Amino acid sequence: MGPTVSRRAVFGGSLALPFLGRSGFAAAPIPLGAINPLTGAGGAYGPSMAKVAQALTARINSTGGVLGRSIALDIEDDQTNPTVAVEAAHKLIDVNKVVAIVGTWASSVTTAVAPLCWQSHTMLFCTSGADSITKLPHHGYIIRTQPNTYLQSGRAAQFLLQHGARSVFGLSAQTPFAVDSWNRLAAVLKTGGASGAGDIIYDPKQISFRSEIGKALAAKPDTLFLNSYAPDLEILLRETYQAGFSGNRFTFAYAATDAVLQALPASVTNGLWSFAPSPDVASPAYRAVQAILGINDPDPYSCQIYDHVSLVVLAIARAGAASGVAIHDNVRKISQGTGEKVSDPVAGLKLLAAGKEINYEGASGPCDFTPSGDIVSCKFLFQVAENKHNKTLFIS
Amino acid sequence: MLDYLASLAVFAGIYALLGLGLNLVWGLGGMVNLGLAGFFAIGAYASALSALHLHFPLVAASFFAMLLAAAAGALLAVVTARLKGDYLAIVTLGFAEVIQLIAGNEIWLTNGTDGLSAIPAPGRGTLSPLAFDLSSAGIVWLVLAAIAAAFGRLSAAPYGRVLRAIREDEMVARIAGKNVLSFKIGAFSASAAVMGLAGSLYAAYDGYVAPDSFDVLVTLLVVLALTAGGVGRMQGALVGAVLVVVLTEGTRFFGGLLPGLSALQVASLRQGVIGLFLLLLLRVKPDGLLPERIRVHPLDDEGETTR
């Protein structure tokens, strides 16, 4: 008679399966949290962000972890809703005891979660754009890899000046950054001798913008600054065309999507300028994100969360301790300064272990931060719509 | 872990308050008030703004929130007095949308989609996060107990019987000499006041309100909670709210047990499991976990109710 295996043993063994293969590290894993918009309005970005964070964590763990400990990553869905995010953050902070939370996307989510983080000395790495975020009294516990409105609108205004804009009218969807965005744009235009002809903030849920467009065109601008999302941009483009506007139009790349360009005739969309903060496409870290996602042009947020995870592990290694305070005190020591430039967190860990200083340059950009947690600079992509597709003008 | 449980208790208590408010108009009065998120938002913003700009303490801010929400409730009751069923549901849902749009667009008042942050609350900043969560949970559940007791009394009192009569047949209630409109206005205002109070407690606890917080998701959750708990029973609202929080939060912990699934698959599965559980629950217990009990007097030989 052969060996007998009871059904109970098989069942018990199969329950234990998920827990196998986690050993190999002497000490307990370092808990790290991610709050991503897996569903809801940010659902287009959350899943790839989560995938990048998981893949990078797995790679760091397979090469020996940090301080001899593995990273235990817990990803929570915020449904792009601040209340759900607060519950998720409570769970990560109080139950998982995470040292940092990475990858919050919506500005409302980041603002809602931030107080829980700074009160519990948990570092928060976000990809949200609202300027108000880094103005919160966060005591250094927020790091933002997304360029704020100030940086973005300043660069947009320079582009418009270079391309001969003299009188720009702003049509902005009601968003946390609508007002700041326009004010900064108008200020930079003014220094270049051009002017803001006026601006209107509209409700993006409308199905027509005829009255807004009427007001805008009455100011006789040569350029429209369309601070829109994709659905309202589509209507704005069609209706400004119908209203006979023949000047330039400038918008954000996340609004000028292929879907919008495909939905409208080329004669309507041709010449539409759009721009976006660009990841550093020349960086090895960017190629790593491409490899993880298996696509050529990963979105900026996936690149940013790659940097979030890298910054966390490098700061922990530099501190020699895994805590929110350790990351808080060391994140700028590994991301800027005169140390050796690295784009690969695993290579960075080796250099730190050898007692060297490093300067992490990531997939999203140089990752140098101001005292309030904003990035100092990054690259921007400018493109123009031609025959229903966006053509890259330049990255700079 | 205790902080987390305390924070869940706070959220469950807030959902239960919303459930109680909904139960008064829907469960007893039969008026489907899907404007819940709107009253919740009015309460939250009224409390947050009065605390931030007028330095109202939480109690005063909460009374202000209740007053404003009750006034909005009375107004909505008058406007919708002749609507019933689906039509009332649509109009009240529209009301909630309008409030969310106002919160998003009247920047001078609400700070737009940026929201209002750093809303003061008793103990924030001075207590440790754990102590703050525990004391908040205590406050919310004390308030909840008081409201639940009051609504329980109201439900058993003649007032509750009239509301039920209006629910069953408005014409009969009117023929019996009841002023249906004033009862509707009363029930709507009382329900809105409790929802406003829930909003005030939410704003104080979270320290941050933004239009995103008051989308249709809140309404859905509370309607689900009340349906699962039992429409018409005040305890049903409490049980339902706890059940929904246990379900939504409990499922967070299963993701780790499912290797080989992407984060998106786990998130989607989680919402699927919650939906499936509620469907099955209502299949097995169509009237919810705690169905409404209506006292029926037995008939005597002549077909009259006994006394």
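General observations
- For the range A:177-277, the helices (runs of 4 or more DSSP H) that sit wholly inside it and include 1 or more residues that are of a type in the set (Phe, Trp, Tyr) are A:178-191, A:230-242.
- In the range A:113-124, the residues that are hydroxyl-bearing (Ser, Thr, Tyr) and open to solvent by 10 Å² or more (accessible area, probe 1.4 Å): A:120
- Of everything listed in (1) touching a helix residue (DSSP H, G or I) at 6+ places or on another chain (Cβ under 9 Å); (2) more than 14 Å from chain A (Cβ to nearest Cβ); (3) more than 27 Å from residue B:153 (Cβ to Cβ), the single unmet condition for residue B:7 is (2).
- Given (1) away from chain A (no Cβ under 12 Å); (2) aromatic (Phe, Trp, Tyr); (3) open to solvent by less than 20 Å² (accessible area, probe 1.4 Å), index of the condition residue B:214 fails: (1)
Condition check ((1) closer than 30 Å to residue A:133 by Cβ; (2) surrounded by fewer than 22 Cβ atoms within 10 Å (Cβ to Cβ); (3) touching a Pro at 6+ places or on another chain (Cβ under 8 Å); (4) without any contact (Cβ under 8 Å) to a residue 60 or more places away in the chain) across all residues:
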position: B:74; (1), (2), (3), (4): no, yes, no, no
position: B:89; (1), (2), (3), (4): no, yes, no, yes
position: B:93; (1), (2), (3), (4): no, yes, no, no
position: B:102; (1), (2), (3), (4): yes, yes, no, yes
position: B:107; (1), (2), (3), (4): yes, yes, no, yes
position: B:110; (1), (2), (3), (4): yes, yes, yes, no
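- Among the residues of the range A:85-94, those that are within 8 Å of another protein chain (Cβ to nearest Cβ) and either open to solvent by 40 Å² or more (accessible area, probe 1.4 Å) or without any contact (Cβ under 8 Å) to a residue 60 or more places away in the chain (or both) comprise A:86, A:87, A:88, A:90, A:91, A:94.
- Test: residue in the range A:375-391 that is without any contact (Cβ under 8 Å) to a residue 24 or more places away in the chain and in a helix (DSSP H, G or I): no
- Residue match in the range A:64-82 (condition: touching a residue at least 12 places away in the same chain (Cβ under 8 Å), part of a helix (DSSP H, G or I), more than 8 Å from every other protein chain (Cβ to nearest Cβ) and closer than 16 Å to residue B:255 by Cβ): no
- For the range A:95-112, filtered to residues that are more than 9 Å from chain B (Cβ to nearest Cβ) and in a helix (DSSP H, G or I), the residue that is most open to solvent (accessible area, probe 1.4 Å) is A:96.
- Every residue from the range B:165-210 that is within 14 Å of chain A (Cβ to nearest Cβ), among the β-branched types (Val, Ile, Thr) and open to solvent by 10 Å² or more (accessible area, probe 1.4 Å): none
- Evaluated against (1) part of a helix (DSSP H, G or I); (2) surrounded by 19 or more Cβ atoms within 10 Å (Cβ to Cβ); (3) more than 14 Å from chain A (Cβ to nearest Cβ); (4) not acidic (Asp, Glu), residue B:267 falls short on exactly one condition, (3).
- Going through (1) closer than 19 Å to residue A:324 by Cα; (2) touching a residue at least 24 places away in the same chain (Cβ under 8 Å); (3) within 14 Å of chain B (Cβ to nearest Cβ) one by one, residue A:137 falls short only on (2).
- Whichever residue in the range A:294-352 is in a helix (DSSP H, G or I) and basic (Lys, Arg) and, among such residues, is least open to solvent (accessible area, probe 1.4 Å): A:332
- Unmet requirement for residue B:131, which otherwise passes all of (1) without any contact (Cβ under 8 Å) to a residue 60 or more places away in the chain; (2) within 23 Å of residue B:293 (Cα to Cα); (3) open to solvent by 20 Å² or more (accessible area, probe 1.4 Å): (2)
This table checks each residue for (1) buried (at least 17 other Cβ atoms within 10 Å of the Cβ); (2) outside the structural domain of residue A:77 (by TED's automatic domain parsing); (3) under 30 Å from residue A:327 (Cβ atoms).
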site: A:141; (1), (2), (3): yes, no, yes
site: A:163; (1), (2), (3): no, yes, no
site: A:205; (1), (2), (3): no, yes, no
site: A:212; (1), (2), (3): yes, yes, no
site: A:224; (1), (2), (3): yes, yes, no
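- All helices (runs of 4 or more DSSP H) inside the range B:109-181 with 3 or more residues being closer than 30 Å to residue A:114 by Cβ and either at pLDDT 95 or above or out of contact with any Leu (no Cβ under 9 Å at 6 or more places or on another chain) (or both): B:129-156
- Among all residues of the range B:120-128, there is none that is open to solvent by less than 10 Å² (accessible area, probe 1.4 Å) and within 14 Å of chain A (Cβ to nearest Cβ).
- Looking only at the range A:192-228, and only at residues there that are touching a strand residue (DSSP E or B) at 6+ places or on another chain (Cβ under 8 Å), of a type in the set (S, T, N, Q) and farther than 23 Å from residue B:108 by Cα, the one that is modelled with the highest pLDDT: A:223
- Extreme residue, nearest to the chain's Cα centre (by Cα), among residues of the range A:67-82 that are aliphatic (A, V, I, L, M) and buried (at least 24 other Cβ atoms within 10 Å of the Cβ): A:75
The values are calculated or read from the model by the stated rules, or taken from the named source; none is laboratory data. Small disclaimer: the values here were computed from a predicted structure and weren't measured. Please note: Cβ atoms are built from the backbone with ideal geometry, for glycine as well, and neighbour counts cover all protein chains shown. The accessibility values were calculated without ligands, DNA or RNA, using every heavy atom of the protein model including side chains. Shrake-Rupley method; radii C 1.70, N 1.55, O 1.52, S 1.80 Å.
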